[in-house]
Amino acid sequence: MISINYPEYPFKIQKEAGKDCIFDPLRKTWVVLTPEEWVRQNFIQYLIQVKQYPASLIAIEKTIQLGELKKRFDIIVYKNEAPWILIECKEANVSLTEKTLEQILQYQQVVEANYLVMTNGHTTYGAKIETGKLHYLQSLPDYIK
């Protein structure tokens, strides 16, 4: 398991059409503040502020094609123009289970990242993929150019 200490961040939250929305500084738009979005926004700030990952190399909720199905990944961090870390976010009260691992492994078939991360904001697991095997991490890798 990876220990995460989330940094302070002045999130912008407002009501739109009766729903709480949060401003996503990377997508530069307001999005509905679901419990999963709260985890995603906090994790993104951890990546940028603590791990020093370049914000310009982080993609959020893009569509990928899984056979006949269209799915959306939560976060991908790119390095050298290729997917480096694939991150799956769940809301805080959702346990990270075998089903979560199966989901991220499905996405990995298309994305082909070097690292996989699953988080619900409280619990975070990460693994490096080497020779087709998962090697679990104690911390996220540093971003070195």
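The values are calculated or read from the model by the stated rules, or taken from the named source; none is laboratory data. Predicted model, so just to flag it, every value in this text is computed and none were measured. We place every Cβ from the backbone using ideal geometry, glycine too, and count neighbours over all the protein chains shown. To get the accessible areas, we keep the full protein, side chains included, count just its heavy atoms, and leave off ligands, DNA and RNA. Shrake-Rupley method; radii C 1.70, N 1.55, O 1.52, S 1.80 Å.
Points to keep in mind about this one:
- Computed lengthening from Asp142 to Ser3, 0.36 nm per intervening residue step minus Cα-Cα distance: 48.6 nm
- Helical runs assigned H by DSSP (4 residues or longer) give the chain a calculated mean residue ellipticity at 222 nm of -5500 deg cm²/dmol, each run adding -39500 (n - 2.57) before division by the residue total.
- Computed from phi, the 3J(HN,Hα) profile of the range 25-39 under the Karplus parametrisation 6.51, -1.76, 1.60 (θ = phi - 60°) reads x, 7, 7, 6, 7, 8, 10, 4, 8, 7, x, 5, 5, 4, 4 Hz, with x in place of Gly and Pro.
- Label-point gap, in nm, between Leu105 and Lys70 - each point 7 angstrom along Cα→Cβ: 2.8
- Alpha-carbon centroid distance for the pair the range 19-49 / the range 67-113, whole angstrom: 17
- Reported label for calculated Cα extents along the principal axes in Å given (1) 48, 36, 31; (2) 38, 32, 24; (3) 76, 31, 22: (1)
- Summed over the residues of the range 9-66 and divided among them, the accessible surface reaches 53 Å² per residue at a probe radius of 1.4 Å.
- Candidate cross-link partners of Lys51 among the aspartates and glutamates, defined by an alpha-carbon separation under 12 Å and a same-chain spacing of 8 or more, comprise Asp142.
- Computed from Cα positions, the angle between helix 98-111 and the longest principal axis of the chain comes to roughly 80 degrees.
- In terms of distances greater than 24 angstrom between alpha carbons, the cross-link table entries Lys12/Lys71; Lys70/Lys90; Lys12/Lys79; Lys15/Lys99 yield Lys12/Lys71; Lys12/Lys79; Lys15/Lys99.
- Label-to-label distance, nm, for residues given as Phe11 and Lys51 (7 Å Cα→Cβ offset): 1.9
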